[in-house]
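The structure under discussion appears below in the form of structure tokens.
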Amino acid sequence: MSEFKVRDNELSELEVQTLIRAAITARDKAYAPYSEFKVGAALLCSDGRVFSGCNVENAAYGAGICAERGAAMQAVAEGSESFVAIAVVGWKDGKSEPERGLAYPCGICRQFLNEFTDGRMSVYVARSITDYEKNDLASLLPHGFGPKNLED
Ligand SMILES: [Zn+2]
């Protein structure tokens, strides 16, 4: 059973903290030997399932992939194509909480996530489970291009 009650895209404080905690756990798995900037993401889908991802770098730098797209790929591969919220954390090891910045999704990830939302997806960027900012994807990707643009 999911720990999340998905209703009208609003999460309780406890649910937000659970999602951020999952992102922090995913961050621990990040493969970032080049930048040492480890990112974790936890993606909540409308069916209540959560998929996580971490950044995976590559010696051929351009071949790496972000945590957010890693999580999204997992979700789609498991049959979840309706995204409700994502939590993202990112910092180098050894950073204390006040030293951590907020790791917003990059432009490519914003576009990638936009494919699987109704425009009301919440994006939580966090330094810890209690220190975070809530955004909605539409504000991070104004006038985003999506599936509706291809409709006749
Ligand atoms: Zn990205």
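The values are calculated or read from the model by the stated rules, or taken from the named source; none is laboratory data. On a predicted model such as this, the values are computed, not experimentally measured, just so you know. Neighbour counts are summed over all protein chains in view; Cβ atoms, including those assigned to glycine, are modelled from backbone coordinates with ideal geometry. Ligands, DNA and RNA are excluded from the accessible area calculation, which covers all protein heavy atoms including side chains. Shrake-Rupley method; radii C 1.70, N 1.55, O 1.52, S 1.80 Å.
Toward the positive end of the charge dipole of the stretch 21-123, with +1 on the Cβ of Lys and Arg and -1 on the Cβ of Asp and Glu, the farthest Cα among Val56, Ser35, Ser96 is that of Ser96. Separation of the stretch 11-47 and the stretch 55-111, taken as the distance between their Cα centroids, equals 8 angstrom. For the chain, carbon and sulfur atoms together expose 52% of the accessible surface, with a 1.4 angstrom probe and every protein chain in place. Rounded to the nearest whole Hz, the Karplus-based 3J(HN,Hα) values (6.51 cos²θ - 1.76 cosθ + 1.60, θ = phi - 60°) of the stretch 131-136 follow the sequence 10, 8, 10, 9, 10, 10, with x at glycine and proline. Averaged per residue, the chain has 54 square angstrom of accessible surface, using a 1.4 angstrom probe with ligands and nucleic acids left out. For the chain, the Cβ-based charge dipole about the Cα centre amounts to some 340 debye (Lys, Arg positive; Asp, Glu negative; other atoms uncharged).
Under 5 Å between amide hydrogens, built in the peptide plane, is the criterion, and for Gly64 it picks out Asn58 among residues at least 5 positions away or on other chains. The Rg/Rh ratio for the chain is 0.96, where Rg is the radius of gyration of the alpha carbons and Rh is the Kirkwood radius.
Taken about its Cα centre, the stretch 19-92 carries a charge dipole of roughly 220 debye when the Cβ of each Lys and Arg holds +1 and the Cβ of each Asp and Glu holds -1.
Run through the DSSP bridge list for the stretch 13-140 and note the antiparallel percent, rounded to the nearest 5.
75 percent
Lysine pair count for the chain (Cα-Cα distance under 21 Å; residues 8 or more apart in sequence or on different chains): 7. Per residue, the chain reaches -7000 deg cm²/dmol at 222 nm when only DSSP H runs of four or more residues are counted, each adding -39500 (n - 2.57).
Between Glu151 and Ala60, the contour length at 0.36 nm per residue exceeds the alpha carbon distance by 29.0 nm. Assuming R0 = 25 Å, can you tell me the calculated FRET efficiency for the pair Glu36 and Ser128, based on Cβ-Cβ distance, to the nearest 0.05? With R0 = 25 Å, the Cβ-Cβ based efficiency is 0.80.
You can think of it this way: the chain between Asp118 and Ser12 has 36.2 nm of extra reach, that is 0.36 nm per residue less the Cα-Cα gap.
Once the Cα-Cα distance is subtracted from the 0.36 nm per residue extended length, the Asp136 to Asp47 segment shows a gain of 30.1 nm.
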